[in-house]
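To keep things clear, I will list the structure first and then write my remarks on it.
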């Protein structure tokens, strides 16, 4: 899966979680939760959706590694073929 | 004959618009059945009935605005219950509309109870008014996934397009109407309730560690949020302080059930406060399941009447919003609101030594007509003790 595909999936899932936001405006270094105004419940739902879509179960200890768009993409890339 | 009246779903509600009858004359109903959809300032609410019998007559037409307390339907009581006097519904005291103590059978807690589905699937279903019981699950053990819901929605769209177009039953409730509902309730609170405020700081080291270990062993679908511990700790602490789990109506009236009103912020502004029924009797996993169902439906403004009218205390958690501490405004006719800020690392003095610990600042706003600061302070101490023994929750 290439970077563009990963980014598209992330944006789609974020849009489902927070329909009134515009994830495509996220900059690589943006903190996703802060910029989109996502609370802990929504954040957990996003991780569930990511697991359902890509089969990536991100352990709680790794949440900090997925805070920004750039880091999340890198994390997903490292876990997908 | 039982008179079914327009219920009040909060201190701010004066009327509601009947959008759809779910029953017709001749239908039999039992406790907990949804008999109508009513539009209020808090969205389309599913109205439950708390009597058993047969619908005799519907007295209100769909799309008619109905004042709180007006008779909407007549229900012939079930044989053997005819000697029970009809339940009368006061029009100005919403918390008494369906006195919890009188209800022998709790209503079903949520529409999707018993349906195995991921939180996201439930959320999308709620936002699109899709009944999950009609969806075939393809996930583990037959659990309904996001893809299953999306497929069901696509199929429904095709069906709707091929049938007679219908007017949108769930008309949009604007941000302004929600704002006005909050304004009415909070203004009433500020006018009538003499608040007192207390605060305590809670060392959350054990709770955070316990939760991390619990979640480490769980797949992402089963993980718990910290607020689940807070809800359960509040509920358990209230068992020792029943005067805080009560309403004020010409005096203190304790409630038998502990129904935590959980503040859910809406993305477009405003909030709704659905009830987590009998929270003290639920396990942490069960409370998380309730949140998975309740929060999406609250944000979709798709709640049941019992969820909006039966809270006995309110819990507001602004930790996600970056607040260190929150002092709440009591939702009348309740007599207390518990507030939580974020869990933050703080310097803490322990046995004369400084350490850095995750600390939570908890507050209680109490109605001084109902209780005094001493009661409130003891409650906060009990709450602190429970959160410092997370394994007992």
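Where strands (runs of 3 or more DSSP E) sit wholly within segment B:208-301, those with at least 2 residues that are closer than 24 Å to residue B:363 by Cα and under 17 Å from the mean Cα position of the chain (by Cα) occupy B:246-248, B:260-262. From the list B:68, B:23, the one residue that fits, being within 27 Å of residue B:271 (Cα to Cα) and modelled with pLDDT of 85 or more, is B:68.
If you go through segment A:30-45 and keep only what is closer than 24 Å to residue B:121 by Cβ and either facing chain B (nearest Cβ under 8 Å) or in contact with a strand residue (DSSP E or B) (Cβ under 9 Å, 6 or more places away or on another chain) (or both), you end up with A:32, A:37, A:39, A:40, A:41, A:44, A:45. Give the residue that is nearest to residue B:264 (Cα to Cα), with candidates limited to residues of segment B:294-303 that are crowded, with 24+ Cβ neighbours inside 10 Å and away from chain A (no Cβ under 11 Å). In this case the residue turns out to be B:297. Every listed requirement among (1) touching a helix residue (DSSP H, G or I) at 6+ places or on another chain (Cβ under 8 Å); (2) free of Cβ contacts under 8 Å to residues at least 12 places away in the same chain; (3) facing another protein chain (nearest Cβ under 8 Å) is met by residue A:53 save one, (2). Put simply, of B:290, B:273, B:263 the only residue that is within 14 Å of chain A (Cβ to nearest Cβ) and buried (at least 22 other Cβ atoms within 10 Å of the Cβ) is B:290. On the stretch given as segment B:324-352, residues that are over 20 Å from residue B:383 (Cα atoms) and either within 14 Å of another protein chain (Cβ to nearest Cβ) or surrounded by 14 or more Cβ atoms within 10 Å (Cβ to Cβ) (or both) total 3. When the residues of segment A:3-29 are filtered to those that are in a loop (DSSP other than H, G, I, E, B) and either over 15 Å from residue A:73 (Cβ atoms) or out of contact with any helix residue (DSSP H, G or I) (no Cβ under 9 Å at 6 or more places or on another chain) (or both), the one that is nearest to the other protein chains (Cβ to nearest Cβ) is A:20. Scan segment B:194-220 residue by residue and report those that are exposed (fewer than 13 other Cβ atoms within 10 Å of the Cβ) and in contact with a strand residue (DSSP E or B) (Cβ under 8 Å, 6 or more places away or on another chain). Hit for segment B:194-220 is B:194, nothing else. For residues in segment A:59-74 being in a helix (DSSP H, G or I) and within 14 Å of chain B (Cβ to nearest Cβ), which is farthest from the chain's Cα centre (by Cα)? Looking at the filtered set, the residue picked out is A:61. Residue B:230 falls short of the stated requirement of being farther than 17 Å from residue B:339 by Cα and either in contact with a strand residue (DSSP E or B) (Cβ under 6 Å, 6 or more places away or on another chain) or outside the structural domain of residue B:379 (by TED's automatic domain parsing) (or both).
The values are calculated or read from the model by the stated rules, or taken from the named source; none is laboratory data. These figures come from a predicted structure and were not determined experimentally. Ideal geometry is used to build each Cβ from the backbone, glycine not excepted, and the neighbour counts take in all protein chains shown.
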